[in-house]
1. Given the residues 182, 202, which is the only one that is free of Cβ contacts under 8 Å to residues at least 60 places away in the same chain, under 20 Å from residue 110 (Cβ atoms) and β-branched (Val, Ile, Thr)?
2. Checking the condition of a type in the set (Val, Ile, Thr), in contact (Cβ under 8 Å) with a residue 24 or more places away in the chain and over 30 Å from residue 82 (Cβ atoms), which residue from 133, 163, 124 passes?
3. Among the numbered conditions (1) at pLDDT 90 or above; (2) closer than 25 Å to residue 214 by Cα; (3) out of contact with any strand residue (DSSP E or B) (no Cβ under 8 Å at 6 or more places or on another chain), tell me where residue 103 comes up short.
4. Please find, within the stretch 161-220, the residue that is surrounded by the fewest Cβ atoms within 10 Å (Cβ to Cβ) out of those that are of a type in the set (S, T, N, Q) and closer than 21 Å to residue 125 by Cβ.
5. Restricting attention to the stretch 209-227, does a residue exist that is in contact (Cβ under 8 Å) with a residue 60 or more places away in the chain and not in a helix (DSSP H, G or I)?
Amino acid sequence: MTQTRLGPLLSTAVRQQRHQRGLSQCELAEMAGVSQSAVARIEGGDRTPSIAVLEALLAAMDVQLTIGVEPLDAHLDARIDDLAARPIVERIDELGLDRLLDRLTEFPQVITGSTAALLQGAPVPVEALEIAVRWQDSKRFTRWLEAAYGQRWNAAWGEFGGVWLEPEEQGEHPWSTRYGEIRATMCDELPETIEVRHAGPIYRVVPVTELELTEPRAGDLLRRYRARQLAGRAAGPDGR
């Protein structure tokens, strides 16, 4: 089957259902009658499953796929609208950002990505604390991860664990820790920041204008939010 935009959605659905049941990829593969490598490729987004394989995987977990039709990315727009109606402090508490940041004192870092956009008032989805860390601090970062029972994302397996803990390549690296999930971008020098305050704590964040230029995911979300704002103003108070 040709890879489509549904691929990442299906891989996420399978992975989340498996995690909720505490199953390993090998256990799910055996229950569904497929190979472990097939489950790994599907969850990693390298392969879009056939309908038969997808149904077998979901049926093994006592769930089934439902099909619906909606305008493109309507779910994302709805989520942005929902987040816009909620106080920033509430979202900070929900994500546990302060709890995690209070423990990140072993090495210098700054907040970037969607997390920085959130702290500057943008109602964008945030799944993990996003930070920038210098390469020269990678050893200190790794020691902190070890103490925090960290596991690095394994793209081949589609789950955390099974790879070296220390960052070795350019780009963003996700880790799970006992305090929450972290996505760290390794860099030569930390980017310039501004300070923002919410209910007491002060956060060092990369400015929104810089995020739009340097962070593709956060930049796309920020532009989408701004476009929705403009569309809402053009429609008027009665939505027309």
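1. Exactly one residue qualifies, and that residue is 202.
2. Just a single option satisfies the conditions, and that option is 133.
3. It fails just one condition, (2).
4. Taking the stretch 161-220 first, the residues of a type in the set (S, T, N, Q) are 170, 176-177, 185, 193, 209, 214.
Restricting the remaining residues to those that are closer than 21 Å to residue 125 by Cβ gives 176-177, 185, 209, 214.
Values: 176: 19, 177: 19, 185: 19, 209: 11, 214: 15.
Ranking the candidates gives 209 first.
5. Yes; the residues of the stretch 209-227 include at least one that is in contact (Cβ under 8 Å) with a residue 60 or more places away in the chain and not in a helix (DSSP H, G or I).
The values are calculated or read from the model by the stated rules, or taken from the named source; none is laboratory data. Since the structure is predicted, the reported quantities are computational estimates derived from the model, not experimental observations. With ideal geometry, Cβ positions are generated from the backbone for all residues, glycine too; neighbour counts draw on all protein chains shown.
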